[in-house]
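Notes follow the structure.
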Amino acid sequence: MNKKLSLMFLAFGAIAILSGCEPLTVFNPKGPNAQTLSNTIILSIITMAVILLVVYVLFAFMLTKYRASKASADYEPPHEEGSHVLEITWTVIPIIIVAFLAIVTVKTTSSVETTPEGYDNKEPLVIYAASSNWKWHFSYPEEGIETVNYVNIPTDRPIEFKLYSFGPITSFWIPQLAGQKYAMSDMLTTIHLAADEIGSFMGRNSNFNGRGFAEMEFEAQTMTQADFDQWVSDVKANEKPLTEEKFKELLAAEHVGRSSYSSTHLDFSPAPMAHGDMDMGGMDHSDMDMSDEDMNHEDMDHSNTDAESTHSH
Amino acid sequence: MSMEELFHPLQEPMILAAAISIVVGAVVVVAGLTYFKKWGYFYKNWLSTVDHKKIGIMYIAVALLMLFRGGIDALLMRAQTAVPDNGLLDAQHYNEIFTTHGLIMILFMAMPFVIGLMNIVIPLQIGARDVAFPRLNAVSFWAFAAGCGLLNLSFIIGGSPDAGWTAYFPLASTDFSPTVGNNYYSLALQLSGIGTLLTGVNFITTIFKMRAPGMTLMKMPMFSWSILITNVIIVFAFPVLTVALALMMLDRQFGTKFFAMTDGGMDMLWANLFWVWGHPEVYIVILPAFGIFSEVIATFARKNLYGYKSMVMSMVVISLLSFLVWAHHFYTMGHGVMVNSVFSITTMAIAVPTGVKMFNWLLTMRHGKIQFTTPMLYALGFIPIFTIGGVTGVMLAMASADYQYHNTMFLVAHFHYVLIPGTVFGVLAGYHFWWPKMFGFRLNEKLGKAGFWFIAISFNVTFFPLFILGLDGYARRMYTYSASTGYGPLNMLSFIGALGLAVGFALICYNIYYSWKHMPRNEKADVWDGRSLEWATHSPVPEYNFAIVPNVSRLDEFWFAKKEGRDITAGKIEKIHMPNNTGTPFWTSGFLFLAAFFAVFSLWIPAIISMLVVFGFMALRSFENDHGRYISVEEITETEKSLRGDK
Ligand code: HEM
Ligand SMILES: [Cu+2]
Ligand SMILES: [Cu+2]
């Protein structure tokens, strides 16, 4: 038994060492929302380590003290019904721990589901991110440009990714900037984030969607507002607009490299409606956000039929 | 569909090798039975049996076989990801393998193992002569076996399902999964699910109606309690699966659009239905294990179970909560903070009753006299390892944090840390514990313990690295990754652990062979100095279980009777009524299998004909006058004498 315990401590040691030299991606956040998540996780690990410690100490105690080889041959274990005091103790203490974690959860969940604190005075940059086969389309409606398989974002400005999918459910994830969220064909979901540092970050789909899943990565590049503006005007000046034909071609393709366009697909293939606050896992779609002007129901159906008819399978 | 498409997976050498080994194995069994002229014996004693103990043994045999199949899948996956950019398997095969691995391990290994043990032990433990509906029990087993056969056949003919064991739509629709793989999914699960549902009805009735005189519910051993609650969950959860799978089949094969992207179909409807069944399902496989640990720990600590009432209460609470948490599987689906918070709290709440059980087990050992037998090692190993699974479960329950863990290796590590020390250690503890009851000889303790240590240590080597990989951003279900990610070394470590697990499993199998050859026969009935009624009857157990049904006045009656020198199985022997064996469940399921097989390929005419045969069998049954038979007093006395060993 001791062998196994020491093995586990070794494993815990391994985490400590590993996180010592190069922080694990999730613990190396580069924006406020990812920072909140990282803190939450670390807090929960510490809480859980305390619980583990209690169980392990009790376990080791019982096994060393009450093994048959230590007891005398005529020792008869007593009959013990249980103790109300003890049972209430180990019910109430976990309830307190769970209550504490519940409060942390509610707080942090609502904080990462809104514009990060300290950024609320700035106008968010909205970027539509749609998946099709094993690629990502990023549309910047404000700038009127579109990119495929890479996304550039300015630092010090709140960003809202509006997610949806032309096909199976995917999950949009840039671990160093924010937690993931599903992209589905029939509704929009939103990720809020902001970047504090300039750099290049791994983004990927984390929800299995078929053969090309493992390769479904993109690069998220953060840059100063000035560099971002410069990049936008370069794209506008140098890239071709995204035509409907070209877009259909893109949708049908399985894997493609990076590309940029000086217009977006949102005019001829608009995004579905926003995913309002739905109850019970979204079976009720009655209170969806209908405020976005050019997204009515016909359009939604239309874009989906489109997606299906152009799918290559 | 062309022949080439039909047998497409066989183009992969590894899969071809596995397929050949399955076929060769089957041929060896068939040839052996023919050579030794055992077909008659085999048919009479096994294929047409309605004896719950034999049915239980068959369940366990299938479960072990499937542990082997699922284990090969696991090894292949770990081998493929052991080094970056590996070319052992391509994406398609990896996808098929992780899908069938998940399906087989949960539905065709863990479930049947649990159901097998409950079949063998429950009637004995509650002092009953049989289950409530013996013939239905045979139907359950053969329906399950048909489903199991069908899923394994997919691997050879037509291609396995490849959309994950969760089969999320629209990925699992014909648009994105055009092979017949997911048809196999819907039909194989449907058949085995119906078998499970019938078992649920059967065992609830058995436990409510057939307990020995005097055994009130609160005097029932903990394993029986866990099985009662498990079966109640089965009866509530499985109909949801039945409906979901039926809709899936309609969508895939008849062009309806319940889960489609267009025409009002809802992909999330599938996710909801799946997890409304799927989350309770994990308690269906874990609660019986909790019951087994309770028996094993009490027996080998030589003490009564601490806090019996709170153990029962906690299981009831877990069963209720298990239906209220399903949406934690899609926190990232974009339902607002409110919904996520509610499901976070209900999920975390499950940790409270689970913690109660953990402390009760620990306190059961206090003042005890702990013996480290093989079953006890599994029960003890469960405690520290499962606790890691439990606390990481609480971490996952926090919706915000889950945004970072969802669909990563962290999750994969977590559920294996729950399923393996929980369910797998549980059924292995039960298997070593009750083996002498089944066969009248023990498994070798040295080999058993060696197997345990290999499994317990290798398990941690295999799965602990996955927590770290998950936190480093490694998504699950990726068939490969590039060297620049730095995931290589930990994956290699995990592969080495998986090899160790394979050695442990091989030791368990070798132990069967070794013990069969070398262990002494005719063990005494009560090998472990047990506490509950199954130890009061002979090993192996006679067909009628108890010549005299014991009277019960308190919990652990058998234990106290031993202390006080009473014989609770004394009394006057009377003739015993038993059901007749019947081959119809076997043949009915055979035709169900055929019907499902044709349905997979949308060959509706032969499918309907096979179904008509199935209904024919059912109709025949309704005209059948089978009142069973009596075992005479002389025969019982004779059997009792020879089993007691006095002549
Ligand atoms: C024996 C050693 C085992 C090993 C080495 C192993 C390995 C793995 C691996 C590597 C994956 C993840 C595949 C991926 O996401 O790329 C996986 C998935 C899974 N495993 Fe295991 N596993 C083992 C035993 C079990 C057992 C005993 C169970 C259940 C009782 C189980 C249930 C599952 C399930 C449900 C999945 C998810 C499948 C899916 O993603 O669709 N595994 N396993
Ligand atoms: Cu939704
Ligand atoms: Cu769950």
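The values are calculated or read from the model by the stated rules, or taken from the named source; none is laboratory data. Remember, it's a predicted structure, so these values are computed and weren't measured experimentally. Positions of Cβ are generated from backbone atoms using ideal geometry, with glycine treated the same way; all protein chains shown enter the neighbour counts. Keep in mind that these areas ignore ligands, DNA and RNA; they rest on the heavy atoms of the full protein, side chains included. Shrake-Rupley method; radii C 1.70, N 1.55, O 1.52, S 1.80 Å.
Laid out as a table, the results:
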{"read-out": "Residues of the range B:538-557 satisfying the condition of being touching a strand residue (DSSP E or B) at 6+ places or on another chain (Cβ under 9 Å) and aliphatic (A, V, I, L, M)", "value": "B:Ala547"}
{"read-out": "Pair list, Cβ under 8 Å, 6 or more apart: the range A:175-201 residue among the aromatic types (Phe, Trp, Tyr), other residue within 16 Å of ligand 2 (Cβ to nearest atom) and not in a loop (DSSP other than H, G, I, E, B)", "value": "A:Tyr182/A:Leu163; A:Tyr182/A:Thr170; A:Tyr182/A:Ser171; A:Tyr182/A:Phe172; A:Tyr182/A:Thr189; A:Tyr182/B:Phe330; A:Tyr182/B:Thr332; A:Tyr182/B:Met333"}
{"read-out": "Filter result (under 21 Å from B:Asn137 (Cα atoms) and open to solvent by less than 10 Å² (accessible area, probe 1.4 Å)) within the range B:166-195", "value": "B:Ala188, B:Leu189, B:Ser192, B:Gly193, B:Gly195"}
{"read-out": "Residue, most open to solvent (accessible area, probe 1.4 Å), within the range B:65-87, restricted to residues that are within 14 Å of another protein chain (Cβ to nearest Cβ) and more than 8 Å from ligand 1 (Cβ to nearest atom)", "value": "B:Asp85"}
{"read-out": "Neighbours by Cβ (under 9 Å, 6+ apart or cross-chain): first from the range B:573-586, on the phi > 0 side of the Ramachandran plot; second assigned to a loop (DSSP other than H, G, I, E, B) and open to solvent by 50 Å² or more (accessible area, probe 1.4 Å)", "value": "none"}
{"read-out": "Filter result for B:Phe98 (within 13 Å of chain A (Cβ to nearest Cβ), outside any loop (DSSP other than H, G, I, E, B) and within 10 Å of ligand 1 (Cβ to nearest atom))", "value": "yes"}
{"read-out": "Selected residue (criterion: nearest to ligand 2 (Cβ to nearest atom)) from residues of the range B:386-442 that are within 19 Å of B:Phe505 (Cβ to Cβ) and small (Gly, Ala, Ser)", "value": "B:Gly422"}
{"read-out": "Residue match in the range B:373-380 (condition: modelled with pLDDT of 95 or more, more than 9 Å from every other protein chain (Cβ to nearest Cβ) and in contact with a strand residue (DSSP E or B) (Cβ under 8 Å, 6 or more places away or on another chain))", "value": "yes"}
{"read-out": "Filtered residues of the range B:572-588 (kept if open to solvent by 60 Å² or more (accessible area, probe 1.4 Å) and part of a loop (DSSP other than H, G, I, E, B))", "value": "B:Lys572, B:Glu574, B:Lys575, B:Asn581"}
{"read-out": "Meets criteria (open to solvent by 10 Å² or more (accessible area, probe 1.4 Å), more than 17 Å from A:Gly257 (Cα to Cα) and either more than 16 Å from ligand 3 (Cβ to nearest atom) or not basic (Lys, Arg) (or both)) for A:Thr189", "value": "no"}
{"read-out": "Complete set of residues in the range B:301-336 that are within 16 Å of ligand 2 (Cβ to nearest atom) and open to solvent by 20 Å² or more (accessible area, probe 1.4 Å)", "value": "B:Trp326, B:His328, B:His329"}
{"read-out": "Single residue of B:Thr332, B:Thr299, B:Thr347 found to be more than 8 Å from chain A (Cβ to nearest Cβ) and under 30 Å from A:Trp173 (Cβ atoms)", "value": "B:Thr347"}
{"read-out": "Selection count, the range B:485-521, where residues are free of Cβ contacts under 8 Å to residues at least 60 places away in the same chain and either within 16 Å of ligand 3 (Cβ to nearest atom) or open to solvent by 70 Å² or more (accessible area, probe 1.4 Å) (or both)", "value": "5"}
{"read-out": "Filtered residues of the range B:263-294 (kept if open to solvent by 10 Å² or more (accessible area, probe 1.4 Å), touching a helix residue (DSSP H, G or I) at 6+ places or on another chain (Cβ under 7 Å) and either among the basic types (Lys, Arg) or away from ligand 1 (no atom under 16 Å from the Cβ) (or both))", "value": "B:Leu273, B:Val276"}
{"read-out": "Test: residue in the range A:119-129 that is farther than 29 Å from B:Gly393 by Cβ, surrounded by fewer than 21 Cβ atoms within 10 Å (Cβ to Cβ) and out of contact with any Pro (no Cβ under 9 Å at 6 or more places or on another chain)", "value": "yes"}
{"read-out": "Criterion violated by B:Lys369 - all others in (1) more than 9 Å from chain A (Cβ to nearest Cβ); (2) open to solvent by 10 Å² or more (accessible area, probe 1.4 Å) satisfied", "value": "(1)"}
{"read-out": "Strands (runs of 3 or more DSSP E) wholly inside the range A:106-209 containing at least 2 residues that are polar (S, T, N, Q), under 22 Å from B:Leu471 (Cβ atoms) and more than 16 Å from ligand 2 (Cβ to nearest atom)", "value": "A:199-205"}
{"read-out": "Which listed residue, of A:Trp173, A:Trp231, is among the aromatic types (Phe, Trp, Tyr) and over 20 Å from A:Leu163 (Cα atoms)", "value": "A:Trp231"}
{"read-out": "Residues of the range B:320-329 satisfying the condition of being in contact (Cβ under 8 Å) with a residue 12 or more places away in the chain and more than 7 Å from every other protein chain (Cβ to nearest Cβ)", "value": "B:Leu321, B:Ser322, B:Phe323, B:Leu324, B:Val325, B:Trp326, B:His328, B:His329"}
{"read-out": "Residues (of a type in the set (Ser, Thr, Tyr) and within 7 Å of another protein chain (Cβ to nearest Cβ)) located in the range A:48-71", "value": "A:Tyr56, A:Tyr66"}
{"read-out": "Residue match in the range B:460-479 (condition: modelled with pLDDT under 95 and surrounded by fewer than 18 Cβ atoms within 10 Å (Cβ to Cβ))", "value": "no"}
{"read-out": "Some residue of the range A:88-107 being touching a strand residue (DSSP E or B) at 6+ places or on another chain (Cβ under 7 Å) and either open to solvent by 10 Å² or more (accessible area, probe 1.4 Å) or away from every other protein chain (no Cβ under 14 Å) (or both)", "value": "no"}
{"read-out": "Any chance B:Ala128 is open to solvent by less than 10 Å² (accessible area, probe 1.4 Å), part of a loop (DSSP other than H, G, I, E, B) and away from every other protein chain (no Cβ under 14 Å)", "value": "yes"}
{"read-out": "Checking B:Trp434 against (1) more than 14 Å from chain A (Cβ to nearest Cβ); (2) under 30 Å from B:Met333 (Cα atoms), the condition it does not meet", "value": "(2)"}
{"read-out": "Restricting the range B:134-165 to residues that are polar (S, T, N, Q) and at pLDDT below 95, the residue that is surrounded by the fewest Cβ atoms within 10 Å (Cβ to Cβ)", "value": "B:Asn152"}
{"read-out": "Test result for B:Ile605, open to solvent by 60 Å² or more (accessible area, probe 1.4 Å), out of contact with any strand residue (DSSP E or B) (no Cβ under 6 Å at 6 or more places or on another chain) and in a helix (DSSP H, G or I)", "value": "yes"}
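Each row is one residue, and each column tells you yes or no for (1) more than 25 Å from the chain's Cα centre (by Cα); (2) within 15 Å of B:Pro213 (Cβ to Cβ); (3) modelled with pLDDT of 90 or more.
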site	(1), (2), (3)
B:Cys509	no, no, yes
B:Ala525	yes, no, no
B:Ser532	no, no, yes
B:Phe546	yes, yes, yes
B:Val552	yes, yes, yes
B:Asp556	yes, no, yes
B:Ala561	yes, yes, yes
B:Ile568	yes, yes, no
B:Ile573	yes, no, no
